[in-house]
């Protein structure tokens with residue numbers, strides 16, 4: 001056995017992968033949807049789009065930061081990062097409750113991924 005070096009390859013959590021891919025698609029949607037609204041139309045329409053973007057901005061930021069933590073948790077195989085991502089998804093739902101249906105799946109998948117991942121300690 002001393003000649004054979006066994007490398008233990010940790011399996012990546014597929015639920016965390018699905019969660020961050022869905023979050024990435026959602027962040028791309030948010031940026032394109034609210035980014036296009038600001039540049040189009042008359043000045044009053046632009047003002048309305050700017051107000052709408054300002055209302056959704058905290059939601060967008062928490063989803064984006066949650067996405068970063070989810071990606072880090074997946075690639076580093078760190079369950080704490082996945083948990084922080086799941087908590088940030090929960091906070092993003094509270095910040096803009098009208099868009100809860102776009103984040104609820106990622107939140108649930110991240111919590112389940114956290115529960116299924118083994119502790120690194």
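Throughout, read-outs are computed from the coordinates displayed, never taken from laboratory work. Predicted model only: the values in this text are computed from it and were never measured.
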Kirkwood Rh, angstrom, segment 48-96 [1 / mean 1/r, Cα pairs]
11.1 Å
For the chain, modelled as a Gaussian network with Cα springs under 10 Å, which listed residue fluctuates most, 73, 48, 64?
48
Give the Cα extents of the chain along the principal axes, in whole Å, largest first.
74, 25, 18
Would you calculate a helix-derived [θ] at 222 nm for the chain, using -39,500 (n - 2.57) for each DSSP H run of n ≥ 4 and dividing by the full residue count, to the nearest 500?
-26000 deg cm²/dmol
Which of 95, 61, 25 moves most in a GNM of the chain, Cα contacts under 10 Å?
25
Expressed as a whole-number percentage, the relative contact order of the chain with C-alpha contacts under 8 angstrom and at least six residues apart is 31 percent
C-alpha long axis of helix 104-116 to longest principal axis of the chain, angle in °
20 degrees
Which angle between 0 and 90 degrees, to the nearest 10, do you get for helix 14-39 versus the longest principal axis of the chain when only C-alpha atoms count?
20 degrees
Longest principal axis of the chain (C-alpha) makes with the long axis of helix 43-76 (C-alpha) an angle, in degrees to the nearest 10, of 0 degrees
Cα-based Rg and Dmax for segment 13-70, where Dmax is the largest Cα-Cα distance (Å):
13.9, 47
